[in-house]
Amino acid sequence: MRLSLTTWGALNVRERLDARLTALDTKEDSLLDLAADGDLPKEKIKEKLIAIRDERASIRRDIERLDAELETGRAVFGRGMETYGACPESNAVIYGRFFGTLSPPRERGRGR
């Protein structure tokens, strides 16, 4: 269960980071429109654009780290599932270590 919750949590973080990137794109477009209209001083717009670009770079680094962590988790889980399939006599023990119960859902209710 823990692995599943961690994966969902990471995916939720990824969605929030992607949404933040989209919001930054919108904010940057608005600032560029203001610059074209001459409504704000150019120096102020330049400062805000630099801040947006810095935040975007930070978010992209966070996404890269998160993607690397998810890939590591997938690999570990994949190796665990390979082991699970290769050792039928110990499937319940392996399943229990991953998910905190001694039998997979399909085996519950069959007296195992």
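Taken together, the values in this text are just the output of simple stated rules run on the coordinates, not laboratory data. Note that the coordinates shown come from a computational prediction; the quantities given were computed from them, not determined experimentally. A quick note on method: Cβ atoms are made from the backbone with ideal geometry, for glycine too, and the neighbour counts reach across all protein chains shown.
Multiplying the sequence separation of Asp39 and Arg65 by 0.36 nm and subtracting their Cα-Cα distance, what value in nm do you get? Numbers along the way, then the final one.
Numbers: separation 26, 0.36 × 26 = 9.36 nm, distance 3.86 nm.
That pair, Asp39 and Arg65, stretches by 5.5 nm at full extension.
Rounded to the nearest 0.05, what FRET efficiency is calculated for Lys27 and Thr72 with R0 set to 41 Å and r the Cβ-Cβ distance? Provide the component values of the computation, followed by the final result.
Numbers: r = 33 Å, r/R0 = 0.80.
The calculated FRET efficiency here is 0.80.
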